[in-house]
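In what follows, a single structure is set out as structure tokens and then discussed.
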Amino acid sequence: MRISIGSDHAGTALKDEVKMVLMERDNLEVKDVGTFGNEPVDYPDIAEKVANEVASGRSQFGILICGTGIGVSIAANKIHGIRCALCSDVFSAKMARKHNDANILALGARVIGFGLAGEIVRAWLDNEFEGVGRHQRRIDKLTEIESKN
């Protein structure tokens with residue numbers, strides 16, 4: 001499985017920590033799309049790179065990080081086929097996968113610390129979309145809304 005990851009300048013330190021969590025898993029390939037320093041960059045540019053990797057199928061999942069996680073989640077959700085969930089707790093991360101089939105996880109570097117970020121990422125990766133009944137019906141409705149607009 002391939003995961004694309006990216007952050008703006010506010011999220012580079014947390015991105016490096018999250019990459020270490022991802023490297024705990026043998027079955028993952030990580031593609032880092034940047035940024036790689038503390039020089040200011042615009043979060044929509046990074047979010048678009050990760051979201052396009054996921055939407056195209058080149059990556060199965062993505063992780064985005066900015067100061068709050070809000071900006072990257074809004075930007076990623078502008079891309080057709082993306083369901084980006086901003087999560088600041090483990091329960092939300094689990095439900096984002098199980099019920100919402102989130103294919104990108106957004107994190108806020110100024111909101112959560114390294115330890116919690118690792119727990120959130122692990123919970124998100126360890127859960128799968130339940131994909132039956134009401135959950136699939138709701139995802140189908142999201143897809144329908146997306147295709148109409």
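For region 18-28, indicate whether the set of residues that are closer than 22 Å to Glu119 by Cα, under 13 Å from the mean Cα position of the chain (by Cα) and polar (S, T, N, Q) is non-empty. Looking for residues that are closer than 22 Å to Glu119 by Cα, under 13 Å from the mean Cα position of the chain (by Cα) and polar (S, T, N, Q), one finds none in region 18-28, hence no.
Within region 101-113, if we keep just the residues that are touching a residue at least 24 places away in the same chain (Cβ under 8 Å) and surrounded by fewer than 18 Cβ atoms within 10 Å (Cβ to Cβ), the residue that is farthest from Leu14 (Cα to Cα) turns out to be Val111. Take the conditions (1) more than 11 Å from the chain's Cα centre (by Cα); (2) aliphatic (A, V, I, L, M); (3) under 27 Å from His135 (Cβ atoms); Ile65 misses just one of them, which is (1). Scan region 23-36 and give yes if some residue there is of a type in the set (D, E, K, R), free of Cβ contacts under 8 Å to residues at least 60 places away in the same chain, over 15 Å from Ile5 (Cβ atoms) and crowded, with 18+ Cβ neighbours inside 10 Å, otherwise no. Looking through region 23-36, none of the residues is of a type in the set (D, E, K, R), free of Cβ contacts under 8 Å to residues at least 60 places away in the same chain, over 15 Å from Ile5 (Cβ atoms) and crowded, with 18+ Cβ neighbours inside 10 Å. Out of the residues in region 63-99 that are touching a strand residue (DSSP E or B) at 6+ places or on another chain (Cβ under 6 Å) and among the polar types (S, T, N, Q), state the one that is nearest to Ser147 (Cα to Cα). Filtering region 63-99 for residues that are touching a strand residue (DSSP E or B) at 6+ places or on another chain (Cβ under 6 Å) and among the polar types (S, T, N, Q), the one nearest to Ser147 (Cα to Cα) comes out as Asn77. The residues of region 126-149 that are out of contact with any helix residue (DSSP H, G or I) (no Cβ under 8 Å at 6 or more places or on another chain), hydrophobic (A, V, I, L, M, F, W, C) and under 18 Å from Ala55 (Cα atoms), listed by number, are Ile139, Leu142, Ile145. Scanning region 43-62 for residues that are more than 20 Å from Phe129 (Cα to Cα) and in contact with a helix residue (DSSP H, G or I) (Cβ under 8 Å, 6 or more places away or on another chain) turns up Tyr43, Pro44, Ile46, Ala47, Glu48, Val50.
Restricting region 1-18 to residues that are without any contact (Cβ under 8 Å) to a residue 60 or more places away in the chain and farther than 14 Å from Ala106 by Cα, the residue that is surrounded by the most Cβ atoms within 10 Å (Cβ to Cβ) is His9. A residue that is of a type in the set (Phe, Trp, Tyr), over 21 Å from Ile82 (Cα atoms) and at pLDDT 95 or above can be found somewhere in region 35-43.
Listed conditions (1) farther than 22 Å from His99 by Cα; (2) assigned to a loop (DSSP other than H, G, I, E, B); (3) under 15 Å from the mean Cα position of the chain (by Cα); (4) in contact (Cβ under 8 Å) with a residue 40 or more places away in the chain are all met by Gly81, apart from (1).
For region 115-129, a residue qualifies if it is surrounded by 14 or more Cβ atoms within 10 Å (Cβ to Cβ) and more than 16 Å from the chain's Cα centre (by Cα), but none of them does. Scanning region 26-53 for residues that are in contact with a Gly (Cβ under 8 Å, 6 or more places away or on another chain) and either basic (Lys, Arg) or outside any loop (DSSP other than H, G, I, E, B) (or both) yields a total of 9.
The values are calculated or read from the model by the stated rules, or taken from the named source; none is laboratory data. All values reported here derive from a predicted model rather than from experimental measurement. Cβ atoms come from the backbone with ideal geometry, glycine included; neighbour counts cover every protein chain shown.
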